[in-house]
1. What order do you get for ARG64, ARG74 when you list them from fewest to most C-beta neighbours inside 10 Å?
2. Hey, with R₀ at 25 Å, roughly what FRET efficiency would PHE49 and ASN85 work out to, going by the Cβ-Cβ distance, to 0.05?
3. Just to confirm a number: summing +1 for Lys and Arg and -1 for Asp and Glu over residues other than CYS95 whose beta-carbon lies under 14 angstrom from that of CYS95, what do you get?
4. For a quick protection proxy, order the peptides 54-63, 98-107 by their average other-Cβ count within 10 Å, most packed first.
5. Which parts of the range 43-63 would a label at LEU113 reach, counting a residue when its backbone N lies under 12 Å from a point 7 Å out along Cα-to-Cβ?
6. How far apart, in nanometres, would the label points at LEU41 and PHE147 be if each is projected 7 angstrom from Cα along the Cα-to-Cβ direction?
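All of the numbers you see were taken from the coordinates with simple rules; none came from a lab. Being a predicted model, the structure only gives us computed values, none of them experimental. Note that we place each Cβ from the backbone using ideal geometry, even for glycine, and neighbour counts take in every protein chain shown.
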Amino acid sequence: MPLASFPRSRAAALLRSRVAAGRDTGLSTIEVVILAPVMILFILVLVAFGQLVDGRGAIDGAARDAARAGSLQREEGTAMSEAQNAADADLSDVCSGPVTVTKTSAGFADADLFTVEVSCEVRGLAMLGLDVPTRLTGTFTSPLDPFKRKA
């Protein structure tokens, strides 16, 4: 309907509403351009911290498996070798560098405890371009098996 057919006050109101609507055009585009990179960065940070949490769980599980594998052996050298193998197998897809297994318990006699510390570098925040060293460490203790150790 042409603008001339409306009463004067109604036509002025309609014209003002069209002009006001014209000022808002393109505003949502600017919002998307500003907010999209912020949202993408937020999602990437969540994924990076999720990898750190997943890495923490994997390190703790590898420490448990390494301590148990070492506690079943008869000799300390074999125990450390088996502990290293267990940790390497558990952390092959989690760590970005070598896996370190260190025995922290005192002895290796009957009725002792076998404690290992497993550590490695995880990817974590490196996917965002942040070169923050993220070395995670887990410790676990397992009793030496007295029945397996007797020959």
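1. Numbers: ARG64 20, ARG74 13.
Fewest-to-most Cβ neighbours within 10 Å comes out as ARG74, ARG64.
2. Working: r = 30 Å, r/R0 = 1.21.
Calculated transfer efficiency: 0.25.
3. Working: positive: ARG56, ARG123, ARG135; negative: ASP54, ASP60, ASP88, ASP90, ASP93, GLU121.
Overall, the nearby charge balance is -3.
4. Details: 54-63: 20.0, 98-107: 14.5.
Those peptides, ordered most packed to least, come out 54-63, 98-107.
5. none
6. So the two model labels end up 5.9 nm from each other.
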